[in-house]
């Protein structure tokens, strides 16, 4: 398993193939996480958490917070105390799902 950071995205590779991704963008000095996807073949392996951890590391290195527009990330932030320092709870964005399909 390998995590690759690129422009506004973290990709998780397994055996050189994309198994998941998390996307974000910057707005007013904060990171807005809008989508998390893990290939169904790899679900149940905590790959989603690994992607969230990577974006959290990015936010912490930038000394900023994350607005979790993606419902998965919102759920993770509410469940685990270790993310409370980066969770931007007060914002004007709703939580919505940005569904994207992986390239075959």
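Before moving on, here are some points about what is shown:
- Calculated mean residue ellipticity, 222 nm, the chain: -7000 deg cm²/dmol, from DSSP H runs (n ≥ 4) at -39500 (n - 2.57) each, averaged per residue and rounded to 500.
- Set of segment 39-54 residues, backbone N closer than 16 Å to the point 7 Å along the Cα-Cβ line of residue 85: 53-54
- Its residue count N sets the reference 2.2 N^0.38 Å, and the alpha-carbon radius of gyration of the chain equals 1.01 times that reference.
- Normalised by the number of residues in segment 2-83, the average gap of Cα pairs under 8 Å and 6 or more apart makes the relative contact order 24 percent.
- Helix 47-61 vs. the chain, principal-axis angle (Cα, 0 to 90°, nearest 10): 40 degrees
- Zone residues, segment 67-81, relative to residue 46, backbone N less than 20 Å from point 7 Å out along Cα-to-Cβ: 72-81
- Fewest neighbouring Cβ atoms within 10 Å first, the residues 27, 54 line up as 27, 54.
Values quoted throughout were computed directly from the atomic coordinates according to the rules given, and no laboratory measurement underlies them. The structure presented is a predicted model; accordingly, all values stated were derived computationally and were not measured. In this analysis, Cβ positions are derived from the backbone assuming ideal geometry, glycine residues included, and neighbour counts consider all displayed protein chains.
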